[in-house]
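Undergrad: Pasting a structure here, questions to come.
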Amino acid sequence: MTTGNPSTSLERTCLAGDHLVLGATMVDFHGWEMPVRYGSIPDEHQKVRLSAGLFDLCHMGRLEVSGRDAVEWLQRIITNDYDAMRPGDALYTLILN
């Protein structure tokens, strides 16, 4: 477990610095430095119950697709419009089965 002095072997999301500034306790989550809690568990529970809770998904969903029909396949299985993307874009979307 890391607590403000992250291991250089762990990958970090673009929000890792913000999590640390906000007082998160950071842990190794499958090779990624991720927040496990902010403050005490009862305090965090109450804050989520009274307002909202968010989960950092920056470490999930890297997908590389190639092949002759890759674009058509992606357009069928995702909920957003793949054709609106340009080279270098990122797209947060759902993949349907």
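The values are calculated or read from the model by the stated rules, or taken from the named source; none is laboratory data. Since this is a predicted model, take the numbers as computed values, not measurements. Neighbour counts are summed over all protein chains in view; Cβ atoms, including those assigned to glycine, are modelled from backbone coordinates with ideal geometry. Ligands, DNA and RNA are stripped out before the accessible areas are found, and what is left, the full protein with its side chains, is counted by its heavy atoms. Shrake-Rupley method; radii C 1.70, N 1.55, O 1.52, S 1.80 Å.
Undergrad: Out of the GluC sites (Glu not before Pro) in the chain, which ones are loop residues according to DSSP with at most 10 other C-beta atoms within 10 Å? Write out the running numbers ahead of the final one.
TA: Values: sites: Glu11, Glu33, Glu44, Glu64, Glu72; in loops: Glu64.
Here the GluC sites (Glu not before Pro) that fit, given the DSSP loop and packing criteria, are Glu64.
Undergrad: Quick check on the chain: helices-only [θ] at 222 nm, where DSSP H runs of length 4 and up contribute -39,500 (n - 2.57) each and the sum goes over total residues. Nearest 500, please.
TA: Values: 3 runs with 24 residues, N = 97.
Computed mean residue ellipticity for the chain: -6500 deg cm²/dmol.
Undergrad: Here is a follow-up. Compute the signed sum of charges (Lys and Arg +1, Asp and Glu -1) over the other residues within less than 15 Å, Cβ to Cβ, of Val27. The partial results should precede the final answer.
TA: Details: positive: Arg12, Arg37; negative: Glu11, Asp28, Glu33, Glu44, Asp56.
Computed value for this residue: -3.
Undergrad: Where does helix 41-50 land angle-wise versus the long Cα axis of the chain, in degrees 0 to 90, nearest 10?
TA: 60
Undergrad: Please give, to one decimal in nm, the separation of the simple spin-label points placed at His30 and Ile78, each 7 Å out from Cα toward the Cβ.
TA: Between His30 and Ile78, the simple spin-label model gives 1.9 nm.
Undergrad: May I pose another question? What are the radius of gyration and Dmax of the chain, computed over its Cα atoms and given in Å?
TA: Spelled out, the Cα radius of gyration and Dmax of the chain are 17.5, 52 Å.
Undergrad: Using a probe of 1.4 angstrom, how much of the accessible area of the chain is carbon and sulfur, in percent? Don't jump to the answer; show the numbers that get you there.
TA: Numbers: 4270 of 7790 Å².
Looking at the chain in its full context, I get 55 percent from C and S.
Undergrad: Determine, for each peptide in 89-97, 35-43, the mean count of other beta carbons within 10 angstrom over its residues, then list the peptides with the highest first.
TA: Numbers: 89-97: 9.3, 35-43: 12.3.
By packing density, highest mean first, the sequence is 35-43, 89-97.
Undergrad: Another question, if that's okay. Exactly which trypsin sites (Lys or Arg not before Pro) in the stretch 60-97 are in a DSSP loop and have at most 13 other Cβ atoms within 10 Å? Intermediate results must be reported in sequence, preceding the final value.
TA: On the way: sites: Arg62, Arg68, Arg76; in loops: Arg62, Arg68.
Within the stretch 60-97, the qualifying trypsin sites (Lys or Arg not before Pro) (loop, at most 13 other Cβ atoms within 10 Å) are Arg62, Arg68.
Undergrad: Show the residues, 5+ positions off or on another chain, whose built amide H is closer than 5 Å to the amide H of Thr13.
TA: Counting only residues 5 or more places away or on other chains, the set is Glu33.
Undergrad: Tell me the net charge near Leu94. Cut-off is 14 Å between Cβ atoms, Leu94 excluded, with +1 for each Lys or Arg and -1 for each Asp or Glu. Show your work: numbers first, answer last.
TA: Working: positive: Arg76; negative: Asp81.
Within the 14 Å Cβ shell, the charges total 0.
Undergrad: Can you give the extra length, in nm with one decimal, that the chain gains between Glu64 and Tyr38 once fully stretched, where that is 0.36 nm per residue apart less the Cα-Cα distance? Please list the in-between numbers first.
TA: Details: separation 26, 0.36 × 26 = 9.36 nm, distance 3.35 nm.
Answer, rounded to one decimal: 6.0 nm.
Undergrad: So, counting K/R as plus one and D/E as minus one, what does the shell of residues with Cβ under 13 Å around Gly53 add up to? Write out the running numbers ahead of the final one.
TA: On the way: positive: Arg37, Lys47, Arg49; negative: Asp43, Glu44, Asp56.
Charge balance in the 13 Å sphere: 0.
Undergrad: Which value, in debye to the nearest 20, gives the size of the charge dipole of the chain about its Cα centre, when Lys and Arg are +1 and Asp and Glu are -1 at the Cβ?
TA: Details: 8 positive and 13 negative charges, 38 e Å.
That gives the chain a dipole magnitude of about 180 debye.
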